[in-house]
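The values are calculated or read from the model by the stated rules, or taken from the named source; none is laboratory data. Please read these numbers as outputs of a predicted model, since none were measured by experiment. Positions of Cβ are generated from backbone atoms using ideal geometry, with glycine treated the same way; all protein chains shown enter the neighbour counts.
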Amino acid sequence: MNNILITGAAGNIGSSLVHKLIRNKDLFIVAVDNLSTGFVKNLPQNHPANYKFYKCDVNQSLPLRKIASQHQFDYIFHYAAMVGVERTLARPLKVLRDIDGLKNIIDLAKNHRVKRIFFSSSSEVYGESFHFPQHEETTPLNSRLPYAVVKNAGEAFLKAYHAEFGLSYTIMRFFNTYGPTQTCDFVIPRFIKAALEGRDIPVRGKGTQTRTFCYIDDNIDFTDIILRKSLFENEVVNVGNDNEHTITDLAKLIREITGSRSKIVHLPALPEGDMTRRKPDLTRMKSVLKRELISLEEGVTKMVDIFKQNNHVS
């Protein structure tokens with residue numbers, strides 16, 4: 001049996017990965033989260049035998065070492081981070097503290113001979129790119145925002161530890177992964193909730209900035225495959241969707257799917273961090289997944305149905 005540590009396990013992507021991996025009875029999943037933005041309700045509630053949750057802040061080394069002393073981890077998924085453009089812009093020093101967590105996790109992995117760390121990096125490391133589609137090896141990393149700096153530092157630490165100690169890694173640069181457990185700090189659930197409640201849908205700036213949106217199932221299915229098949233060891237891989245949509249078109253689509261009469265209103269643009277375009281090169285991801293990616297219309301429809309079932313509408 002392989003023991004797997006997942007940090008940031010109560011968040012959108014972390015919790016979805018927990019639910020996916022505990023189906024494999026050859027894996028024992030240890031989930032940790034400080035619950036600052038994640039929720040215990042996102043995690044398994046039926047106490048499966050191959051699962052354990054600890055409330056823990058990985059930026060503090062002692063609690064993490066205590067957990068590691070009880071479990072000999074084979075793999076680590078390091079997803080714990082302060083996320084959300086507006087939140088990270090408002091609290092840049094707290095974002096930079098996540099470097100402590102990176103170092104704690106990497107040192108733990110080295111000292112306990114972990115087979116591989118899977119690190120959730122971000123499309124934000126590309127900054128305001130002029131290379132499209134954004135390829136893992138040829139697109140420059142030029143963002144100076146604290147969140148992107150931390151992700152870039154994480155990538156650098158992993159590559160350095162591999163060079164000096166042979167610690168294996170996989171760096172996954174996530175592009176806007178959305179799903180039912182995502183909070184309204186993020187654009188799709190925020191727009192859906194506003195539309196279902198008949199409130200104005202707030203768009204920052206002109207709304208012409210483009211994004212690509214990856215439904216959670218595509219992200220998790222891909223991650224499960226590369227774990228099981230030992231793919232992309234000591235490599236970087238984009239994880240997302242490559243169909244671009246303007247933020248205004250996203251608002252219109254959500255209004256159409258929900259049947260809402262909400263108005264689309266434009267708020268002042270963010271002072272920084274709202275990049276004009278995103279479009280990843282997904283050659284590597286698609287070579288593994290070998291199926292069509294979930295479209296934005298299908299993903300949003302799934303989210304709307306789940307929001308209605310869970311009475312997210314006030």
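Tabulated results
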read-out	value
Cβ-Cβ under 9 Å pairs, at least 6 apart or on other chains, region 241-262 side under 16 Å from GLY299 (Cβ atoms), far side in a helix (DSSP H, G or I) and of a type in the set (Ser, Thr, Tyr)	ILE257/THR301
Any hit, region 293-307, residues being under 18 Å from CYS184 (Cβ atoms), at pLDDT below 95 and surrounded by 15 or more Cβ atoms within 10 Å (Cβ to Cβ)	yes
Subset of region 262-309 (residues that are over 30 Å from THR88 (Cα atoms) and touching a helix residue (DSSP H, G or I) at 6+ places or on another chain (Cβ under 8 Å))	VAL288, LEU289
Members of region 254-274 found to be touching a strand residue (DSSP E or B) at 6+ places or on another chain (Cβ under 9 Å) and acidic (Asp, Glu), listed by number	ASP274
From GLY154, GLY127, residue being among the small types (Gly, Ala, Ser), at pLDDT 95 or above, over 30 Å from VAL304 (Cα atoms) and in contact with a Ser or Thr (Cβ under 8 Å, 6 or more places away or on another chain)	GLY154
Some residue of region 145-167 being more than 26 Å from THR212 (Cβ to Cβ), in contact with a strand residue (DSSP E or B) (Cβ under 7 Å, 6 or more places away or on another chain) and not in a loop (DSSP other than H, G, I, E, B)	yes
Residue in region 66-85 that is part of a helix (DSSP H, G or I), basic (Lys, Arg) and within 22 Å of ASP100 (Cα to Cα) present	yes
Residue within region 107-124 that is in contact with a helix residue (DSSP H, G or I) (Cβ under 6 Å, 6 or more places away or on another chain), over 21 Å from GLU272 (Cα atoms), assigned to a helix (DSSP H, G or I) and not β-branched (Val, Ile, Thr) present	yes
Yes/no for ASN42 being farther than 25 Å from TYR147 by Cα and among the polar types (S, T, N, Q)	no
Considering residues of region 170-194 that are basic (Lys, Arg) and assigned to a helix (DSSP H, G or I) only, the residue farthest from ARG277 (Cα to Cα)	LYS193
Every pair of residues 6+ apart whose Cβ atoms lie under 6 Å, when the first sits in region 195-220 and is under 20 Å from VAL85 (Cβ atoms) while the second is part of a strand (DSSP E or B) and among the charged types (D, E, K, R)	THR210/GLU244; THR212/GLU244
Residue within region 3-16 that is over 12 Å from TYR79 (Cβ atoms) and in a loop (DSSP other than H, G, I, E, B) present	no
Criterion (farther than 24 Å from LEU43 by Cβ, buried (at least 19 other Cβ atoms within 10 Å of the Cβ) and of a type outside the set (D, E, K, R)) met by exactly one of LEU231, LEU267, LEU282	LEU282
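Quick grid of which residues meet (1) closer than 21 Å to SER230 by Cβ; (2) of a type in the set (Gly, Ala, Ser):
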site: GLY8; (1), (2): no, yes
site: VAL18; (1), (2): yes, no
site: GLY38; (1), (2): no, yes
site: GLN45; (1), (2): no, no
site: ASN59; (1), (2): no, no
site: ALA68; (1), (2): no, yes
site: PHE73; (1), (2): yes, no
